Amino acid sequence: MDWLLLALLANLFFAFNNVNIQGITKNWVKSGRNYFILFGIIWFAFLSAMLLIFGIPVPSPFLLSLLVVNGILTGLSLYFLFISVSKDDVYKVAVILSLNPAITAVLSFLFLGESFPTQKLVGVLLLITAGVIASLSKNSLGKWKFSPALIYAVLSVVFMSVSNIIIKFATYSLPPTSVLVWGRLFMVLVVLAILIKADWRNDFLHVWKSLSTSRFSMVVGNELVSLVGTLAIIYAFALSTATIITSLSATYPLFVLVLELIYTRVIPGFIESKLDIGSLVLKMISLVLLVPGILLIY
């Protein structure tokens with residue numbers, strides 16, 4: 001059951017990382033786009049160091065081309081994730097991201113030949129319902145509205161799901177460390193594409209110059225946590241099926257909710273979290289729907 005521990009540990013680390021991203025974005029770097037560029041620079045340094053230290057060989061042309069595509073998809077997924085986290089409560093984003101198991105189950109059935117019985121279909125529908133409920137809130141006029149993060153979170157989870165299928169396929173032939181390094185190294189292409197736009201580049205440079213050494217060190221530490229989580233989830237993919245591992249990613253919202261409760265008491269004002277009665281009720285309903293959804297897909 002090593003894959004179970006690895007998957008749960010990865011989701012805890014991702015929850016910690018994403019809650020911190022919202023606080024860092026809100027207080028220091030001012031936008032999800034700026035955090036993504038910063039993230040891309042840090043990860044490029046991490047992966048380049050791993051490439052040199054461990055002497056990871058270049059995969060075959062076919063696998064390398066797949067991992068280039070994976071890097072671009074992962075970059076797009078994380079870009080939209082950081083945008084969504086900067087726009088609303090991290091828990092809402094986390095529940096929407098729990099659609100990942102639903103989409104991965106369908107893609108695994110279509111491309112990897114994994115089974116898709118009726119119970120998985122019911123699980124998929126429950127996860128979709130949970131995502132819709134979590135994304136709802138009332139505006140100042142008392143009318144229901146969807147979260148401004150919804151479209152970005154959905155785009156993130158779609159790109160993430162396709163990336164997961166490529167990762168699972170790559171682990172058939174490559175060790176997890178190779179999949180991590182080559183599969184993530186090409187995220188830098190998305191960062192470079194963003195920096196082409198002059199306004200975005202200048203905005204980032206302004207943030208970069210104003211970022212203190214201590215705050216930059218905290219960002220690096222936060223991404224080290226993400227690196228360990230990513231390595232853990234890739235090892236988990238190598239040990240079990242794509243559907244099972246991504247199903248366990250639905251524990252991620254629970255970790256986020258617990259961390260939000262801790263942060264709002266230990267570091268008040270650092271993150272944006274709606275913890276009024278109405279919001280808590282919606283969060284609990286979505287969480288209750290997630291549990292059977294996970295079990296049915298599993």
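The values are calculated or read from the model by the stated rules, or taken from the named source; none is laboratory data. Predicted model, so just to flag it, every value in this text is computed and none were measured. Glycine also receives a Cβ, built like all others from the backbone with ideal geometry; neighbour counts cover every protein chain displayed.
Name the residue that is modelled with the lowest pLDDT, counting only residues in segment 250-295 that are surrounded by fewer than 15 Cβ atoms within 10 Å (Cβ to Cβ), of a type in the set (A, V, I, L, M) and not in a helix (DSSP H, G or I).
It comes out as LEU275.
Please find, within segment 68-97, the residue that is nearest to ARG33 (Cα to Cα) out of those that are of a type in the set (Val, Ile, Thr) and surrounded by fewer than 24 Cβ atoms within 10 Å (Cβ to Cβ).
Going through segment 68-97, the residues of a type in the set (Val, Ile, Thr) turn out to be 68-69, 72, 74, 83, 85, 90, 93, 95-96.
Those left that are additionally surrounded by fewer than 24 Cβ atoms within 10 Å (Cβ to Cβ): 68-69, 72, 83.
Details: VAL68: 21, VAL69: 21, ILE72: 16, ILE83: 6 Å.
Going through the qualifying residues, I end up with ILE83.
Looking only at segment 49-63, how many residues end up being surrounded by 15 or more Cβ atoms within 10 Å (Cβ to Cβ) and closer than 21 Å to VAL162 by Cβ?
Taking segment 49-63 and keeping what is surrounded by 15 or more Cβ atoms within 10 Å (Cβ to Cβ), we get 50-51, 56, 59, 63.
Okay, now just the ones that are also closer than 21 Å to VAL162 by Cβ, so 59, 63.
Counting residues in segment 49-63 that are surrounded by 15 or more Cβ atoms within 10 Å (Cβ to Cβ) and closer than 21 Å to VAL162 by Cβ gives 2.
Give the number of residues within segment 34-77 that are of a type in the set (Gly, Ala, Ser), touching a Leu at 6+ places or on another chain (Cβ under 8 Å) and closer than 16 Å to PHE169 by Cβ.
Counting residues in segment 34-77 that are of a type in the set (Gly, Ala, Ser), touching a Leu at 6+ places or on another chain (Cβ under 8 Å) and closer than 16 Å to PHE169 by Cβ gives 1.
For every residue, the table says whether it meets (1) assigned to a helix (DSSP H, G or I); (2) in contact with a Cys (Cβ under 9 Å, 6 or more places away or on another chain); (3) surrounded by fewer than 17 Cβ atoms within 10 Å (Cβ to Cβ).
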{"position": "ILE167", "(1), (2), (3)": "yes, no, no"}
{"position": "SER173", "(1), (2), (3)": "no, no, yes"}
{"position": "LYS209", "(1), (2), (3)": "yes, no, yes"}
{"position": "GLY221", "(1), (2), (3)": "yes, no, yes"}
{"position": "SER226", "(1), (2), (3)": "yes, no, no"}
{"position": "GLY229", "(1), (2), (3)": "yes, no, no"}
{"position": "ALA232", "(1), (2), (3)": "yes, no, no"}
{"position": "LEU248", "(1), (2), (3)": "yes, no, no"}
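Can you find a residue that is farther than 29 Å from VAL69 by Cα and either out of contact with any helix residue (DSSP H, G or I) (no Cβ under 6 Å at 6 or more places or on another chain) or aliphatic (A, V, I, L, M) (or both) anywhere in segment 107-121? Spell out how you get there, then give the answer.
In the first step, residues of segment 107-121 are kept if they are farther than 29 Å from VAL69 by Cα; the result is 117-119.
Narrowing further to those that are either out of contact with any helix residue (DSSP H, G or I) (no Cβ under 6 Å at 6 or more places or on another chain) or aliphatic (A, V, I, L, M) (or both): 117-118.
Yes, segment 107-121 contains at least one residue that is farther than 29 Å from VAL69 by Cα and either out of contact with any helix residue (DSSP H, G or I) (no Cβ under 6 Å at 6 or more places or on another chain) or aliphatic (A, V, I, L, M) (or both).
Go through segment 114-143 residue by residue and tally those that are over 21 Å from PRO292 (Cα atoms) and at pLDDT below 75. Outline the logic, then answer.
Of segment 114-143, the ones over 21 Å from PRO292 (Cα atoms) are 137-143.
Add one more test, that the residue is at pLDDT below 75, and what stays is 138-142.
Counting residues in segment 114-143 that are over 21 Å from PRO292 (Cα atoms) and at pLDDT below 75 gives 5.
Tell me yes or no: at least one residue of segment 115-122 is assigned to a helix (DSSP H, G or I), within 18 Å of the chain's Cα centre (by Cα) and in contact (Cβ under 8 Å) with a residue 60 or more places away in the chain.
From segment 115-122, those assigned to a helix (DSSP H, G or I) are 118-122; that's our starting set.
With within 18 Å of the chain's Cα centre (by Cα) added as a condition, the list becomes none.
Checked against the condition, which is being assigned to a helix (DSSP H, G or I), within 18 Å of the chain's Cα centre (by Cα) and in contact (Cβ under 8 Å) with a residue 60 or more places away in the chain, segment 115-122 yields no hits at all.
Which members of segment 25-37 meet the condition of being modelled with pLDDT under 95 and crowded, with 20+ Cβ neighbours inside 10 Å? Break it down into steps so the answer makes sense when it comes.
Going residue by residue through segment 25-37, those that are modelled with pLDDT under 95 are 25-32.
The answer is THR25, VAL29, GLY32.
In segment 163-215, which residues are under 22 Å from ASN100 (Cα atoms) and among the polar types (S, T, N, Q)?
Residues satisfying the conditions are SER163, ASN164, THR171.
How do the pairs read when you match residues in segment 10-35 that are closer than 17 Å to LEU254 by Cα with residues anywhere that are crowded, with 20+ Cβ neighbours inside 10 Å and of a type in the set (Gly, Ala, Ser), using Cβ under 6 Å and keeping only pairs 6 or more apart or on different chains?
Cβ pairs passing all conditions: ALA10/GLY229; ALA10/ALA232; ASN11/SER249; PHE13/GLY229; PHE14/GLY229; ASN17/SER226.
From the residues in segment 176-192 that are at pLDDT 90 or above and more than 14 Å from LEU64 (Cβ to Cβ), which one is surrounded by the most Cβ atoms within 10 Å (Cβ to Cβ)?
Step by step, filter segment 176-192, then rank; the result is MET187.
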